[in-house]
1. At 222 nm, what value in deg cm²/dmol follows for the chain if DSSP H runs of at least 4 each add -39500 (n - 2.57) and the sum is divided by all its residues, to the nearest 500?
2. Net charge near Ala155: determine it from the other residues with C-beta under 13 Å of the C-beta of Ala155, scoring Lys and Arg +1 and Asp and Glu -1.
3. Can you divide the C-alpha Rg of segment 235-346 by 2.2 N^0.38 Å and report the result to two decimal places?
4. Keeping every protein chain in place, order Phe341, Phe195 by accessible area at 1.4 Å, biggest value first, i.e. largest first.
5. Could you tell me which of the pairs Lys150/Lys242; Lys86/Lys242; Lys86/Lys246; Lys86/Lys141; Lys88/Lys246; Lys88/Lys242 are separated by over 29 angstrom between their Cα atoms in the structure shown?
6. Using the alpha-carbon centroid of each, what span in Å lies between segment 271-306 and segment 82-127?
7. Where a ≥ b ≥ c are the square roots of the eigenvalues of the C-alpha gyration tensor, would you call segment 266-323 rounded, which needs a/c under 1.5, or, failing that, prolate if a/b is larger than b/c, or oblate?
8. Over the chain, with the other protein chains present, what is the accessible area per residue in square angstrom, probe 1.4 angstrom?
Amino acid sequence: MRGAWACVWLCGFVLAAATTVFAQGGGPPASSSPTLQAVRARGALLCGTGGEIPGFSMIDSGGIMRGIDADYCRAVAAATLGDANKVKWVSLTAQNRFTALQSGEVDLLVRNTGWSLTRESSLGLEFAGVNFWDGTSIIVKTASGVKSVKQLGGASICVLPGTSTELDLADWARSENIAYTPVLIGSLSEIRQAFLSGRCDAYTSDSSQLAGFRYMQGAKAGELTILPEAIGIGPSGAMVRKGDDKWFDIVRWTHFATVVAESLGVSSTNIDSFKDTKNPDIRRLLGLESNLGRSLGLDDAWAARIIRQVGNYGELWQHDITPLGLDRGRNALWTKGGLQFAPQLR
């Protein structure tokens, strides 16, 4: 994705002595997080993701997992293990993703998973960060002539069962008094093929997934149309198990660090230029003062490694999402009219 990934985390400027616990061989600070302890003992982060969605998580022609969900896991690995490449990918379906996290098969779930009350209140899991403000949309074949969701009365619509998308579709149809026939198919690859082969008139999923699906069609992308009206809206991001508050803090503040870095103008390409900065916010972000990493059970260079090895939020968007043809929209920084917000690192 960028040359910085290949660079070990010791490259670049050396932070103040009190913040270089990893570099001095003294080991990371003691942790009260059982998940963090397991990750360190294993030497790798077990990341649960999909592996089939361009822009979010998909293996490229070189065998490397790419996408903003994958990068979120790399960022957590950089913060906790010192190396963004120390991730083991566990491909999960919509049906087994929650049980995989509950059982400890993965340390972290980042798989286009929407945030809802029942998911957080009944699964023993909680959302730690929103890396993408998403919605639910419907895609049709351009040749159908359908230009609005209101023209879908009587249509057969492919949808993954057991997803928030299935509920969004039912809620939308009920509120609009539109009759439709659901075609329930549990495999992402199978549901896409079913739509392309004509088994259903339309296909509904997260707006992001549909954009990635259309992008995959290459020269034939124009043969598919994502209808302009969203039938559901919601945030998606990282989930962790309840009860490990310190791990929750690490995963949440990993995301916040990428957002703060973008808001301060600190990126993977210019981070070295700030080694002598007097800006207190940047100094805290880079671990040059305040010893904030210690409160997370990490060393103080945790956020600097995230930025150096993975990038700030704007960089992730640029190389992961922009190729899909999606603009920032709700995912712009809060200072620019969007919903990507981060509290202060202090």
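The values are calculated or read from the model by the stated rules, or taken from the named source; none is laboratory data. Computed from a predicted model, the values in this text were never measured in an experiment. No Cβ is skipped: glycine too gets one built from the backbone with ideal geometry, and neighbour counts run over all protein chains shown. When the accessible area is computed, the model is the full protein with side chains, heavy atoms only, and any ligands, DNA or RNA have been set aside. Shrake-Rupley method; radii C 1.70, N 1.55, O 1.52, S 1.80 Å.
1. Using -39500 (n - 2.57) per qualifying helix, the result is -9000 deg cm²/dmol.
2. Net local charge, Ala155 excluded: +1.
3. 1.08
4. Phe341, Phe195
5. Lys150/Lys242; Lys86/Lys141
6. 28
7. Taking the square roots of the gyration eigenvalues as a ≥ b ≥ c, segment 266-323 is oblate.
8. 41
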